[in-house]
Amino acid sequence: MNTCRSCGAQIRWVRTSKGHRMPLDPEPHPEGNVTPEPATSPAVEPLAVVHAGPVTDRPAWRSHFATCEFAAQHRRRS
Ligand SMILES: [Zn+2]
């Protein structure tokens, strides 16, 4: 588990199908749209599928970029 350098919240990193790293909130959320795949190795970040809308048939997470109170700083840095 990692922590957000901006707000100190716990996050976990996943990698999207496009190869981008994305931090997720630690807990699933009813409006989450990101579903990580099981990790193939502890050494690599799990792949995650980013859906167009909320996923309701299984646990889904939200990108911490979307929920972080310092999201604007994340966007400026990237
Ligand atoms: Zn944050």
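Derivation of every value follows stated rules applied to the coordinates shown; laboratory data play no part. What you see is a predicted model, and the numbers here were worked out from it, not measured in a lab. Neighbour counts are summed over all protein chains in view; Cβ atoms, including those assigned to glycine, are modelled from backbone coordinates with ideal geometry.
With neighbours defined as other Cβ atoms within 10 Å of a residue's Cβ, the residues Leu47, Leu24 order from fewest to most as Leu47, Leu24.
So what is the calculated 222 nm ellipticity per residue for the chain, using -39500 (n - 2.57) for each DSSP H run with n of 4 or more, over all residues, to the nearest 500 deg cm²/dmol? Each step should come with its number before you reach the end.
On the way: 2 runs with 11 residues, N = 78.
Theoretical 222 nm ellipticity from helices: -3000 deg cm²/dmol.
The modelled label-to-label distance for the pair Trp13/Glu37, using points 7 Å beyond Cα in the direction of Cβ, is 1.9 nm.
For the chain, relative contact order (Cα pairs under 8 Å, six or more residues apart, normalised by length) works out to 30 percent. Its convex hull of Cα atoms gives the chain a direction-averaged projected area, equal to a quarter of the hull surface, of 5.3 nm². Positive contributions from Lys and Arg (+1) and negative ones from Asp and Glu (-1), summed over other residues with Cβ under 10 Å from the Cβ of Trp13, come out at +2.
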